[in-house]
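Asks: One structure, as structure tokens, below. Some questions next.
The values are calculated or read from the model by the stated rules, or taken from the named source; none is laboratory data. Because the structure is a prediction, the values reported are computed rather than measured. Here the Cβ positions follow ideal geometry from the backbone for every residue, glycine too, while neighbour counts run over all protein chains shown. Each accessible area value is taken on the protein alone, full model and side chains, heavy atoms only, with ligands, DNA and RNA left out. Shrake-Rupley method; radii C 1.70, N 1.55, O 1.52, S 1.80 Å.
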Amino acid sequence: MLVLALDTSTPAVTAALAEVTDDGMRGVAERRTVDPRAHGELLAPQIATLLADAGAAPRQLGAIVAGLGPGPFTGLRVGLVTAAVMAQALDIPAYGVCSLDALGRAAGPGRVLVATDARRREVYTATYTDGVRTGGPDVARPADVVVDADRAVGEGALQYSEVFGLPIDDRLRYPPGEALIALAADRVRTGAPHEQLIPLYLRRPDAVASSARKPVLR
């Protein structure tokens, strides 16, 4: 089954294809463009180019996997809405995966801190042992993060490397699409039902409705 993965939880706009079979998974193609202000403009053309490069058509997709974040509201919703709309239009299931989990899986064995940029001088973090999440996800100032790892990955880890004081694998800055698919592969194989793609914002929205009554001027 051909599976599409989308992630817009970071400044990177990522789309990937992989073939999931009963006994494994094979990566087909992956494209990534880093632009924190153009998720909406970049994602659809990137999907089209990815499918064209792989010689595939949308109707050949059997499932879609979306990175749920955590991430900033504007960018994250682009990927989730796109995944949900495509799944509905193609009548295929969509599955959600924590975007930090993709970095944790790709980091491999050992104790790993994953940190991505949350803006406002904060980071989204989670910890992993041998690719399995053991803590988080959380959002915090880098100085407030409890470091219980031997190394770190992610854009936030690189940005605040002096604060974390860990060896940084700078090859892993953004969630790999293939890892997202790998984390959802069992659901794909068993034909699990479509999931509601609920974003992991971890913050209250900046704009909130006022609870105070406004005076009426006469």
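Asks: Can you work out the FRET efficiency for the pair Q196 and E162, with r the C-beta to C-beta distance and R0 = 45 Å, to the nearest 0.05?
Replies: On the way: r = 40 Å, r/R0 = 0.88.
Here the calculated transfer efficiency is 0.70.
Asks: Among R111, R187, R171, which one shows the highest mean-square fluctuation when the chain is modelled as a Gaussian network with alpha-carbon springs under 10 Å?
Replies: Residue with maximal mean-square fluctuation among R111, R187, R171: R171.
Asks: Sticking with the crude label model, points 7 Å out along Cα→Cβ, report the distance from F73 to R171 in nm, one decimal please.
Replies: Placing both labels 7 Å along Cα→Cβ, they lie 3.8 nm apart.
Asks: Sort the range 41-157 into rounded, prolate or oblate with this rule: let a ≥ b ≥ c be the square roots of the eigenvalues of the Cα gyration tensor; rounded if a/c is under 1.5, and if a/c is not under 1.5, prolate when a/b is larger than b/c, oblate otherwise. Walk me through the numbers on the way to the answer.
Replies: Working: a/c = 2.52, a/b = 1.91, b/c = 1.32.
Here the range 41-157 falls in the prolate category.
Asks: Work out the FRET efficiency for Q88 and D148 from their Cβ-Cβ distance, taking R0 = 30 Å, and round it to the nearest 0.05.
Replies: Numbers: r = 41 Å, r/R0 = 1.37.
It comes out at approximately 0.15.
Asks: Mind ranking E41, E162, E195 by accessible surface for me, highest first, 1.4 Å probe? All intermediate terms of the calculation are to be shown ahead of the outcome.
Replies: Working: E41 125, E162 175, E195 55 Å².
Most to least solvent-accessible, the answer reads E162, E41, E195.
Asks: On to the next question. What share of the DSSP beta bridges in the chain is antiparallel, in percent to the nearest 5?
Replies: Details: 30 of 43 bridges.
Percent antiparallel among DSSP bridges in the chain is about 70.
Asks: I'd like the accessible area for V28: 1.4 Å probe, protein heavy atoms, all chains in place, Å² to the nearest 10.
Replies: Counting only protein heavy atoms, V28 exposes about 60 Å² to solvent.
Asks: If the only charges are +1 at each Lys and Arg Cβ and -1 at each Asp and Glu Cβ, what is the size of the charge dipole of the range 53-142 around the Cα centre, to the nearest 20 debye?
Replies: Numbers: 9 positive and 7 negative charges, 59 e Å.
Value, rounded to 20: 280 debye.
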